[in-house]
Amino acid sequence: MVRPRGLHHLPGLLPFLVPALLTGGGVALPLVYLVLRALEAEPGALREILLRPKNLELLLNTLALLLGVLALTTLLALPLAFLTTRTNLKGKRLLSLLLTLPLAIPGYVGAYVLLAATGPGGILPLPRLEGYVGALFVLSFITYPYLFLSLRAAFLGLDPALEEAARTLGMGPWRAFFRAAFPQLLPALLSGYLVVGLHVLGDFGTVSLLRYETFSYAIYLQYSAAFDRVYAAWLALLLLLLTGGLLWLEGLLLRRLTLARTGKGASRRHKPLRLGPFAPLGYALVLFPPSVALAFPLYALFHLARRFPQEGLSGLWEALGHSALAAAPAAFLAVGMALPLAYLAVRLPSPASRFLERLAYLGYAIPPLAFALAWIFFSLRSLPFLYGTLPLLVLVLAFHFLAESLGPVRGALFQVPRRLEEAARTLGETPTGAFFRVTFPLLWRGAVAGGALAFIGAVKELPITLLLAPMGYATLATRVFSYTQEAMFAEAAPFALLIALLSAAFVGVLLWTERRF
Amino acid sequence: MLKGIDLAVYPGEILALLGPSGCGKTTLLRVIAGLESPDGGRVVLEGQDITHLPPERRGIGFVFQDYALFPHLTALGNVAFGLKGKDRLLRAQKALERVGMTLFQHRKPQELSGGQQQRVALARALAPGPKLVLLDEPFSSLDASLRAATREEVRKVLKETGTTALLVTHDQEEALSFADRLGVMRDGKLLQVDTPEAVYLRPKTPFVAQFLGRTNLLSGEGKGRYAETCLGPVALAEPAHGPLLLSLRPEALRLAPPEAGGALGRVVAREFKGHDLTYRVRLLAPEREVLVQEGPESPFRVGDVVAVQVVGEGVALEGQSPKAPVGTD
């Protein structure tokens, strides 16, 4: 018997093991404190808290928003994915990029644009859209790209033979599509739903600005206005439970579907559907969402920003600096933790390394408001010197966005076969030396992409910053939020514009260079 | 996987390990290089026990089957990777020159052909001046047309630099032509180590005899300098007595017209290969087939009745006779 040397020489692994364990602790430990805090209530008070009719109302509100957004995003994403993969529209790559860009717009910016543009004095002659309809509209138009990307990939991977077989069995083209091809799209639809669902459950900015009471909004109210921290902890736990339920349901459904599938991959390409005289309609349909969710917000933001008072400019630069000062170290930290985690997961796959990786993804799936709250309880008890400081904000942002960096780093690591490191070892390099001279040079593109994703995520991030930033530390995101809350739309405009432009540029460059299209 | 392997490689020699895939030969190389740890046994290099030394401190070069060239470095960068000191680029250039790759030194691995990548991989392994270089199926990813020429070049470079080399392969022709000595492995065991000629001409086991080219395995009765078999008396390379299993290469047999004398049989297949011709002949009694190698001008056709004559020597093998002792490839 022989064993791979890596397992035999544990000391060589230690430098990787320590950050990996740290990562696990950074995500899992705060949640423990959230539970501890929630259990602090007296038994009598506990029963009262759990039986409040408010809980049911919040649950129903949250579920209604979730289902509404899923339905609306399906209506948008399914035809769009079809149009951009299976028809003879010109410039499908560019159109796909345009269709994906709205995901760069943060929810609170969307809500801000909606509030500023409608109602009295707005650019659009519409009554002010608030509450359910407003939240549904904003969240659907900024989250449909996730579903679109997922479905688009599935459409491109469809085997044309399936529909051809259905046609030879006597079905018309539309029936053939829905009976033969559509079922193959279900796994992609489900994984898209998961991402959209997590966004809806995790959303805080949209619902609180549009005053639609979901769990996130209520948690914030309890925490910041009513100062009822035990109830806030309980609401956060309920929200976590709902998120866990979503993850579980997705896993359950996906497993059944994947088992039912046979064969894979397309050998030939579909013949593009000729739209003929309907082509203009196709273009109009494809261009509609980006114009609503990207072009109009940018136009409105420019329009509003012109009314921005000159003396506010210094505040703008300060907020930009604050955002960068929190997001940049968080991005570095996230990549620093993603590297060893990905290394463990790819090179030493085991239940333990899979668990650590899941944990990192969990840090992302946890609604950020609940995550921030858990960290507040955790730091107040165990790390009081950190509470209310910039390092804590950086740390929590890094843990939350770790999963964003993990994806690209992991993907890049798969491109570096173990053999290359072995070659370096036989040429006289130590394990650490081999990592830095061979693995890392091949990995750095993935690391940069992962860092960029974490950076832009942290700049856009609202609830964690709102709860954990030091006193008086205003970032772009918190400025937009607080000005909008007070209906100071002109004051908020340049901050929102800066975030939207920055984010759209980052996302656009990343998507294009990753050759997603 | 590996069972009781006792193998010594002498300074400056090229030793090839030959065996079917899965016999443990690559594992043996990885244990020697330090990429895997053995549960028992020792690896000794120039009198020093290196069993527990990490690979980077062994001074053993490795040429990987798929070359494992670093895709982010040029050919020169790859070769200079294991070198230290101010003159490392100069020495890397020398190493590339030795394999005739000076012109391509600034190319990335993916811009090189398979043969060129092979040469860079060899230069990279040789550049630090290893005491021993290990080659894992180094020619298997090359086209057949390129293989013989590359093999000759690599052999030349190894001999010029006086490098000790251990090569593993499953290609018998490669092992026979490339190595100074040859070891045959099976199921994690080393069956026989000797010069290619000795292993081919005097195999010790049926497996070795069959793995190195075609042979006829016959059971017989040893009578000193010869053995009695179904083909009549067969001269033995080494004297032997009692029941034995015999390996008789197809080139030790000849065909003649039936009236010329010898064991009678009928030609069942004829394989013309240009420089020679192999017949498959079914004997009339006992009913079994033998392989006979003839010159290209041999006139017999399928269906002809012929006499099989023994003209060469047989080798007595160790071990049991296989279940169906027929001529095998």
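The values are calculated or read from the model by the stated rules, or taken from the named source; none is laboratory data. It should be emphasised that the depicted structure is a prediction, and the values quoted were computed from it without experimental measurement. Cβ atoms come from the backbone with ideal geometry, glycine included; neighbour counts cover every protein chain shown.
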* Asked: So which of B:Ser321, B:Ser298 ends up being under 24 Å from the mean Cα position of the chain (by Cα), farther than 14 Å from B:Ala252 by Cα and at pLDDT below 90?
  -> B:Ser321
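Would region A:410-427 turn up any residue that is aromatic (Phe, Trp, Tyr) and within 14 Å of another protein chain (Cβ to nearest Cβ)? Outline the logic, then answer.
Taking region A:410-427 and keeping what is aromatic (Phe, Trp, Tyr), we get A:414.
The next check asks that each one be within 14 Å of another protein chain (Cβ to nearest Cβ); those that pass are A:414.
Yes, region A:410-427 contains a residue that is aromatic (Phe, Trp, Tyr) and within 14 Å of another protein chain (Cβ to nearest Cβ).
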* To do: Looking only at region B:41-62, decide whether some residue is within 11 Å of chain A (Cβ to nearest Cβ), out of contact with any Asp or Glu (no Cβ under 6 Å at 6 or more places or on another chain) and among the acidic types (Asp, Glu).
  => no
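Could you list, in sequence order, the residues of region A:484-501 that are crowded, with 19+ Cβ neighbours inside 10 Å and not small (Gly, Ala, Ser)?
Step one: of region A:484-501, the residues crowded, with 19+ Cβ neighbours inside 10 Å are A:484, A:489, A:491-500.
Within region A:484-501, A:Thr484, A:Phe489, A:Glu491, A:Pro494, A:Phe495, A:Leu497, A:Leu498, A:Ile499 qualify.
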* Single unsatisfied condition, B:Glu56 versus (1) under 22 Å from the mean Cα position of the chain (by Cα); (2) surrounded by fewer than 21 Cβ atoms within 10 Å (Cβ to Cβ) -> (1)
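Take A:Val113 and decide whether it is among the β-branched types (Val, Ile, Thr) and either within 26 Å of A:Phe182 (Cβ to Cβ) or touching a Pro at 6+ places or on another chain (Cβ under 9 Å) (or both).
yes
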* To do: With the condition kept exactly as written, say whether any residue in region B:64-85 is free of Cβ contacts under 8 Å to residues at least 60 places away in the same chain, in contact with a Ser or Thr (Cβ under 6 Å, 6 or more places away or on another chain) and either among the hydrophobic types (A, V, I, L, M, F, W, C) or more than 14 Å from chain A (Cβ to nearest Cβ) (or both).
  => no
* For residues that are at pLDDT 90 or above and assigned to a helix (DSSP H, G or I), tally how many sit in region B:210-257. => 3
* Residue list for region A:347-394, restricted to those being of a type in the set (Ser, Thr, Tyr) and in a helix (DSSP H, G or I) -> A:Ser353, A:Tyr361, A:Tyr364, A:Ser379, A:Ser382
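From the list A:Gly450, A:Gly428, pick out the single residue that is closer than 30 Å to A:Tyr343 by Cβ and part of a helix (DSSP H, G or I).
Testing whether each residue is closer than 30 Å to A:Tyr343 by Cβ and part of a helix (DSSP H, G or I) leaves just A:Gly450.
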* Please tell me if A:Leu294 is of a type in the set (A, V, I, L, M, F, W, C) and within 30 Å of A:Thr73 (Cα to Cα). => yes
* Structure fact -> A:Ser405: passes all of (1) under 20 Å from A:Leu34 (Cβ atoms); (2) crowded, with 24+ Cβ neighbours inside 10 Å; (3) in contact with a Leu (Cβ under 7 Å, 6 or more places away or on another chain) but (1)
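More than 14 Å from every other protein chain (Cβ to nearest Cβ), out of contact with any Pro (no Cβ under 9 Å at 6 or more places or on another chain), aliphatic (A, V, I, L, M) and buried (at least 24 other Cβ atoms within 10 Å of the Cβ), is that true of A:Leu359? Outline the logic, then answer.
On the way: more than 14 Å from every other protein chain (Cβ to nearest Cβ): yes; out of contact with any Pro (no Cβ under 9 Å at 6 or more places or on another chain): yes; aliphatic (A, V, I, L, M): yes; buried (at least 24 other Cβ atoms within 10 Å of the Cβ): no.
No: the conditions fail for A:Leu359.
Could you run through region B:45-79 and say how many residues are in a helix (DSSP H, G or I) and more than 18 Å from B:Lys131 (Cα to Cα)? So that I can check it myself, show each step before the final result.
Here is the first cut: in region B:45-79, the ones in a helix (DSSP H, G or I) are B:55-57, B:75-79.
Now drop any that are not more than 18 Å from B:Lys131 (Cα to Cα), which leaves B:75-78.
Summing the residues that are in a helix (DSSP H, G or I) and more than 18 Å from B:Lys131 (Cα to Cα) in region B:45-79 gives 4.
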* Unmet requirement for B:Leu96, which otherwise passes all of (1) within 30 Å of the chain's Cα centre (by Cα); (2) within 12 Å of another protein chain (Cβ to nearest Cβ); (3) modelled with pLDDT of 90 or more; (4) crowded, with 23+ Cβ neighbours inside 10 Å -> (2)
* To do: Could you look through region A:362-419, keep only residues that are over 24 Å from the mean Cα position of the chain (by Cα) and among the aliphatic types (A, V, I, L, M), and pick out the one that is farthest from A:Pro340 (Cα to Cα)?
  => A:Leu380
* Unmet criterion (only one of (1) more than 24 Å from B:Glu13 (Cα to Cα); (2) within 14 Å of another protein chain (Cβ to nearest Cβ); (3) outside any helix (DSSP H, G or I)) for B:Leu135 -> (1)
* Could you check, for region B:204-225, whether at least one of its residues is without any contact (Cβ under 8 Å) to a residue 24 or more places away in the chain and closer than 15 Å to B:Leu18 by Cβ? => yes
* So which of B:Ala125, B:Ala148 ends up being touching a residue at least 60 places away in the same chain (Cβ under 8 Å) and part of a helix (DSSP H, G or I)? -> B:Ala125
* To do: State which residue is farthest from the other protein chains (Cβ to nearest Cβ) when the search covers only region B:17-35 and only residues that are surrounded by fewer than 22 Cβ atoms within 10 Å (Cβ to Cβ) and outside any helix (DSSP H, G or I).
  => B:Pro20
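Within region A:173-184, can one find any residue that is part of a loop (DSSP other than H, G, I, E, B), surrounded by fewer than 20 Cβ atoms within 10 Å (Cβ to Cβ), at negative phi and in contact (Cβ under 8 Å) with a residue 40 or more places away in the chain? Talk me through it step by step, then tell me what you get.
Pass one, region A:173-184, residues part of a loop (DSSP other than H, G, I, E, B): none.
No, because not a single residue in region A:173-184 is part of a loop (DSSP other than H, G, I, E, B), surrounded by fewer than 20 Cβ atoms within 10 Å (Cβ to Cβ), at negative phi and in contact (Cβ under 8 Å) with a residue 40 or more places away in the chain.
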